[in-house]
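The values are calculated or read from the model by the stated rules, or taken from the named source; none is laboratory data. On a predicted model such as this, the values are computed, not experimentally measured, just so you know. So basically every Cβ, Gly included, is an ideal-geometry build from the backbone, and we count neighbours across all protein chains shown.
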């Protein structure tokens, strides 16, 4: 990862923190600058920079699903902002802007937020994740954040932690005490899409091998077919991935699978055209959804969902398969059940792992 980072800026008031010390020991001194203030306009926008600073807001948030489409009551822990994996379709590129990764030296404040939230909602069960504004694990060897979270959630009775990633560097976490309450999860796309649109990420078969390593160490796992991308041979590509899962993964250890089609704000198209001129994923026809995001036409989305869902269910018959930001009508059409609320979807998604945990 060192080769991807041009410069690390550590705010002076973050010096002495666990995170600052980790950065100082991991990166060479010539890449590090201690600063009282940082003029972002002077940074080389073609290179990745890390800023280590204090965060003044809350770390714990509701997943920012639009109320127009159905969410899953997911709770997110935004402890890192941005990710250098640079997948062409990633909305973080237009949402966060620029090649700046923000790390927060006071991230341990999240444990106070979690204590307060879980104590107030002790009669409910929740799923928390760190993969909303970043990949959960791409800098974890440096930050050590996931280990601390895993240890915290291992003692929680009414929640689980999801570490969602496209990376495969998990070996440093496989012996951490977790009591079944940490789920490793991977985003998956066909090999051809991975090679063309996820060039800095390990290919999907390596991600499945990492999932197998996690299972062998006693972890539950999840998978996310999101974003599902239409291309000429998409059926063959997704069948290939599903057959790899069948070959390598014990269905009893899979606790949820999500499906979500490609969706993005319109301004991402111009960004991708400039940054990823070889990408062809935006050549398809799109409509503007009710949330302002560009989406495939509903008949195409349904065709892709129905195909992938049916083949997954042949293997993972008792695994909750759910949709990310789709309508109740689509839920009913594909799965046969019409959720009444985000909370109902959350209970559905967590049904298997709750049964497993007893």
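Remarks
- Among the residues of the stretch 62-99, those identified as touching a residue at least 40 places away in the same chain (Cβ under 8 Å) and part of a strand (DSSP E or B) are 70, 75, 76, 77, 80, 81.
- Selected residue (criterion: modelled with the lowest pLDDT) from residues of the stretch 96-116 that are within 28 Å of residue 283 (Cα to Cα) and surrounded by 15 or more Cβ atoms within 10 Å (Cβ to Cβ): 96
- Leading residue by the ranking (modelled with the highest pLDDT) among those in the stretch 339-358 that are closer than 19 Å to residue 220 by Cβ and in a loop (DSSP other than H, G, I, E, B): 350
Conditions (1) under 21 Å from the mean Cα position of the chain (by Cα); (2) more than 20 Å from residue 88 (Cβ to Cβ); (3) at pLDDT 95 or above, marked per residue:
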residue: 238; (1), (2), (3): yes, no, yes
residue: 243; (1), (2), (3): no, yes, yes
residue: 257; (1), (2), (3): yes, yes, yes
residue: 268; (1), (2), (3): yes, no, no
residue: 280; (1), (2), (3): no, no, no
residue: 286; (1), (2), (3): no, no, yes
residue: 302; (1), (2), (3): no, yes, yes
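- Looking only at the stretch 36-51, residues that are at pLDDT 90 or above and surrounded by 14 or more Cβ atoms within 10 Å (Cβ to Cβ) come to 4 in all.
- When the criteria are applied in full, residue 298 meets the requirement of being at pLDDT 95 or above and surrounded by fewer than 17 Cβ atoms within 10 Å (Cβ to Cβ).
- Every test in (1) out of contact with any helix residue (DSSP H, G or I) (no Cβ under 9 Å at 6 or more places or on another chain); (2) more than 22 Å from residue 23 (Cα to Cα); (3) surrounded by fewer than 19 Cβ atoms within 10 Å (Cβ to Cβ) is passed by residue 76 save one, and that test is (3).
- Complete set of residues in the stretch 319-338 that are part of a loop (DSSP other than H, G, I, E, B) and under 23 Å from the mean Cα position of the chain (by Cα): 319, 320, 324, 325, 327
- Out of 290, 268, 259, 300, sole residue that is touching a residue at least 12 places away in the same chain (Cβ under 8 Å) and part of a loop (DSSP other than H, G, I, E, B): 290
- Residue match in the stretch 243-255 (condition: part of a loop (DSSP other than H, G, I, E, B) and surrounded by fewer than 17 Cβ atoms within 10 Å (Cβ to Cβ)): yes
- Positions within the stretch 119-142 being in a helix (DSSP H, G or I) and either surrounded by fewer than 18 Cβ atoms within 10 Å (Cβ to Cβ) or on the phi > 0 side of the Ramachandran plot (or both), in sequence order: 119, 120, 141
- Single unsatisfied condition, residue 221 versus (1) within 30 Å of residue 289 (Cα to Cα); (2) assigned to a strand (DSSP E or B): (1)
- Odd one out for residue 91, checked against (1) at pLDDT below 95; (2) within 26 Å of residue 17 (Cβ to Cβ); (3) in contact with a strand residue (DSSP E or B) (Cβ under 6 Å, 6 or more places away or on another chain): (2)
- For residue 205, the conditions (1) touching a helix residue (DSSP H, G or I) at 6+ places or on another chain (Cβ under 7 Å); (2) surrounded by fewer than 19 Cβ atoms within 10 Å (Cβ to Cβ); (3) assigned to a loop (DSSP other than H, G, I, E, B); (4) on the phi < 0 side of the Ramachandran plot all hold with the exception of (3).
- Looking at 343, 326, just one residue is surrounded by fewer than 14 Cβ atoms within 10 Å (Cβ to Cβ), within 18 Å of residue 67 (Cα to Cα) and in contact (Cβ under 8 Å) with a residue 12 or more places away in the chain, and that residue is 343.
- Among the candidates 217, 212, 164, residue that is in contact (Cβ under 8 Å) with a residue 12 or more places away in the chain, surrounded by fewer than 18 Cβ atoms within 10 Å (Cβ to Cβ) and within 19 Å of the chain's Cα centre (by Cα): 212
- Residue ID - farthest from residue 134 (Cα to Cα), chosen from residues in the stretch 51-61 that are assigned to a loop (DSSP other than H, G, I, E, B) and touching a strand residue (DSSP E or B) at 6+ places or on another chain (Cβ under 9 Å): 54
- Among (1) buried (at least 23 other Cβ atoms within 10 Å of the Cβ); (2) touching a residue at least 60 places away in the same chain (Cβ under 8 Å); (3) part of a loop (DSSP other than H, G, I, E, B) - the single one residue 183 does not satisfy: (3)
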